1. What pairs can you find where one residue is in region 85-112 and over 14 Å from S138 (Cα atoms) and within 16 Å of ligand 2 (Cβ to nearest atom), the other is modelled with pLDDT under 95 and of a type in the set (V, I, T), and their Cβ atoms are less than 8 Å apart, with a gap of 6+ or different chains?
2. Pull out all pairs, ordered by first then second residue, where Cβ-Cβ is under 6 Å, the residues are six or more apart or on different chains, the first lies in region 279-294 and is away from ligand 2 (no atom under 13 Å from the Cβ), and the second is assigned to a helix (DSSP H, G or I) and aliphatic (A, V, I, L, M).
3. I'm told F137 meets every condition in (1) out of contact with any Gly (no Cβ under 7 Å at 6 or more places or on another chain); (2) within 13 Å of ligand 2 (Cβ to nearest atom); (3) aromatic (F, W, Y) except one. Can you identify the failing condition by its number?
4. Check S192, S144, S172 and return the single one that is touching a Pro at 6+ places or on another chain (Cβ under 9 Å) and either part of a loop (DSSP other than H, G, I, E, B) or at positive phi (or both).
5. Among residues belonging to region 57-82 that are within 16 Å of ligand 1 (Cβ to nearest atom) and in a loop (DSSP other than H, G, I, E, B), point out the one that is modelled with the highest pLDDT.
6. Assuming C197 fulfils every condition listed in (1) in a strand (DSSP E or B); (2) within 15 Å of ligand 1 (Cβ to nearest atom) apart from one, which condition is it?
7. Being over 20 Å from E333 (Cα atoms), touching an Asp or Glu at 6+ places or on another chain (Cβ under 9 Å) and outside any loop (DSSP other than H, G, I, E, B), is that true of even one residue in region 284-300?
8. Condition (residue is under 19 Å from the mean Cα position of the chain (by Cα), over 22 Å from M163 (Cβ atoms) and not assigned by TED's automatic domain parsing to the domain that holds K181) applied to region 328-342: is it met by at least one residue?
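The values are calculated or read from the model by the stated rules, or taken from the named source; none is laboratory data. Note that the structure is a prediction, hence the values are computed from the model and not measured. Using ideal geometry, Cβ is built from the backbone for each residue, glycine included, and neighbour counts are taken over all protein chains shown.
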Amino acid sequence: MSFNNKKLITLDEFTIRQTRQFPNATGELSALLRDLSLACKMINKQVNKAGLVDIIGKYGATNIQGEEQMKLDIFSDEMLINVLRNSSECAGIASEENDDFVAFDDEYSVNSKYVVLFDPLDGSSNIDVNAPIGTIFSVYRRVSPLGQPCTLEDFQQPGTRQMAAGYIIYGSSTMLVYATKLGVNGFTLEPSIGEFCLSHPEMKCKENGKIYSLNQGNTCKLADSTKAFLEYCMQDDKENGLPLSHRYIGSMVADLHRTLIKGGIFMYPADKKNRNGKLRLMYECNPMAFIVEAAGGLASTGTQRILEVQPTELHQRVPIYIGSRNLVSKALEFVSATSELV
Ligand code: AHM
Ligand code: MG
């Protein structure tokens, strides 16, 4: 397809080309990504209407036709579940919005190889202020036998076993970034044709960065070792590229997208109140760690590589330090003694 004489590579075309590199590949993962992107285009459409609350009524309220307006995070969750239920490539899902996983039990789904975990609308508290929000997803190959509904152990696999992970950012433009072991690529939604087109090929996370990102209002609750790292970031030391700038949107997808593109470190550390931090291992930290590592960066809990954490519950939380390799390594020099936390 060409547009203004420039060759456009759509997400579909790109994944099909990638699949051709593997003679035994079946194209099932490409089909799954297409289904995920379809759900996210529908979510994008609803998210774009969020500013029209005075005209169409606030989400969660009843609109002028007497219909209930579904809250955007619930809408996004249902949209992803419905699309993936109808996909012949997905055996089941687990979502940040639901207590338990859902095993699809129709004849196609029980024979599907993959399960998908997702945070349907991350950073949803930012909807009211028109700041970027996103969807995060993670794909695993199931370990239970085909022909039967998938089981909990298909979902509770360490992040190293992800086959693909990605996010969609609903921002000034809508972008889908996804990673496989082959690398990380970014696609921007071209609204006039409704297709995600390759815009950021082979994304790499810079080794160094000039930005640190966390909710600095939590500083009083942090361990002394984490506070010492923040002091380091704020030092007046030009020769070593310090002080760093501070940026925090409060929407993990947006903060991580900036970190991936510009370099830097994003953190949600453990603190006195939240001893495991705030962010969820399966829906937020693992997929982001997979993407950032595939782009050359690092992701750690402070004491362990995120991707090697053995999950014990679907909704478990972990502290996270993620981003540019050298900055994360520097943070770990300070914070690895988490035992002295609080
Ligand atoms: P959510 O999944 O309920 O939206 O919460 C996760 C969000 C992340 O996007 C963001 O990094 C973090 O919560 C912000 O938390 P805080 O407001 O404590 O800084
Ligand atoms: Mg979230």
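1. E97/I74
2. That search, which allows pairs on different chains as well, returns A289/I306; A289/L307.
3. F137 satisfies every listed condition except (1).
4. S172
5. Step by step, filter region 57-82, then rank; the result is K71.
6. All conditions pass for C197, except number (2).
7. Yes, region 284-300 contains at least one residue that is over 20 Å from E333 (Cα atoms), touching an Asp or Glu at 6+ places or on another chain (Cβ under 9 Å) and outside any loop (DSSP other than H, G, I, E, B).
8. The answer is yes, given that some residue of region 328-342 is under 19 Å from the mean Cα position of the chain (by Cα), over 22 Å from M163 (Cβ atoms) and not assigned by TED's automatic domain parsing to the domain that holds K181.
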